[in-house]
Amino acid sequence: MPAMAQAASSKIALPTDISSERLITVTAAPTRAKLVAMTFDDGPHPVLTPQLLDILKARRIRATFYVIGRNVARYPDIVKRMVAEGHEIGNHTWRHPFLTQLGSASVLRELDRTSEAVYKAVQRMPVTMRPPYGALSRAQRAMILKQREMPTILWSVDPEDWRRPGAQVVANRILGGARPGAIILSHDIHAPTIKAMPVALDGLIEAGYRFATVSMILGARDWSKLRWRLPREARAKS
Ligand SMILES: [Zn+2]
């Protein structure tokens, strides 16, 4: 194992093949079980996210939401509902910048502000992050893992729903791409994505898939049952 991986630790215990330096970035879980992680980025959205939560609840599906910090600050009650219904919250930065254009201090500020907003809403901290546009250099990924113990979570299935190709196309791409351990990317800020979800999710269920949050598909403890205390420096600010 490279030295960097030994130096870096993670808030969640990652499988050894993932925690190696080469795999600071997680795109799928190493499992043969028919398990997928649905992930929804860029919310919470005041109208669409509650609709999605209804759809997930009706099917008892637990998902992971990579939230934008400033949206969390605007709609903390939606984040509270996510957590109450068993979903996991991940960190998708405060204002969704291209992190590759920022220095380390700015990157950490984006993440910290977001984690603090999530903590304020639900008294828990995200344990994973996803960079906007998937854009993050290898050095930045290593820096975030070392400084904030958050692995970078990308995806293995991208329906490109943000291009709004239509609900059926989004559903077909998700169903076509699903594999054991898949991490599926979508966005809960586009109406056609929400419209695609009942078809996509029911199709996955029919194909025999079960659903896990990102932490759980990576074999970590149930995030919803974790309790966190803010780091000292963050507590001093509040
Ligand atoms: Zn995004």
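The values are calculated or read from the model by the stated rules, or taken from the named source; none is laboratory data. Treat the numbers as computed from the prediction; the structure is a model and nothing was measured. Note that each Cβ is placed from the backbone with ideal geometry, even for glycine, and that neighbours are counted across all protein chains shown. With ligands, DNA and RNA removed, areas are computed over all heavy atoms of the protein, side chains included. Shrake-Rupley method; radii C 1.70, N 1.55, O 1.52, S 1.80 Å.
Restricting attention to the range 19-42 and to residues that are modelled with pLDDT under 85 and open to solvent by 30 Å² or more (accessible area, probe 1.4 Å), the residue that is farthest from VAL157 (Cα to Cα) turns out to be GLU21. For the range 179-215, a residue qualifies if it is farther than 18 Å from ASP41 by Cα and either in a helix (DSSP H, G or I) or among the β-branched types (Val, Ile, Thr) (or both), and the qualifying residues are VAL199, ASP202, GLY203, LEU204, ILE205, GLU206. For the range 86-100, the criterion of being of a type in the set (S, T, N, Q), crowded, with 17+ Cβ neighbours inside 10 Å, part of a loop (DSSP other than H, G, I, E, B) and in contact with a Pro (Cβ under 9 Å, 6 or more places away or on another chain) is satisfied by at least one residue. The set of residues in the range 91-113 that are over 19 Å from the mean Cα position of the chain (by Cα) and within 24 Å of PRO76 (Cα to Cα) contains only SER106. Among the residues making up the range 61-78, those that are among the aromatic types (Phe, Trp, Tyr) and within 13 Å of the ligand (Cβ to nearest atom) are PHE65, TYR66. Selection within the range 121-164: residues that are within 16 Å of the chain's Cα centre (by Cα), under 18 Å from PRO97 (Cα atoms) and open to solvent by 10 Å² or more (accessible area, probe 1.4 Å). The member of this set that is nearest to the ligand (Cβ to nearest atom) is TYR133.
A single entry from LEU201, LEU185 fulfils the requirement of being under 26 Å from LEU35 (Cβ atoms) and more than 16 Å from the ligand (Cβ to nearest atom): LEU201. Looking at ALA167, ALA139, ALA178, ALA135, which one is modelled with pLDDT of 95 or more and of a type in the set (Gly, Ala, Ser)? Selected residue: ALA178, the only one of ALA167, ALA139, ALA178, ALA135 that is modelled with pLDDT of 95 or more and of a type in the set (Gly, Ala, Ser). Taking ALA135, is it touching a residue at least 24 places away in the same chain (Cβ under 8 Å) and small (Gly, Ala, Ser)? When the stated conditions are applied, ALA135 passes them.
Of the set (1) open to solvent by less than 50 Å² (accessible area, probe 1.4 Å); (2) out of contact with any Leu (no Cβ under 6 Å at 6 or more places or on another chain); (3) small (Gly, Ala, Ser); (4) farther than 20 Å from PHE211 by Cα, all apply to ALA105 but (1).
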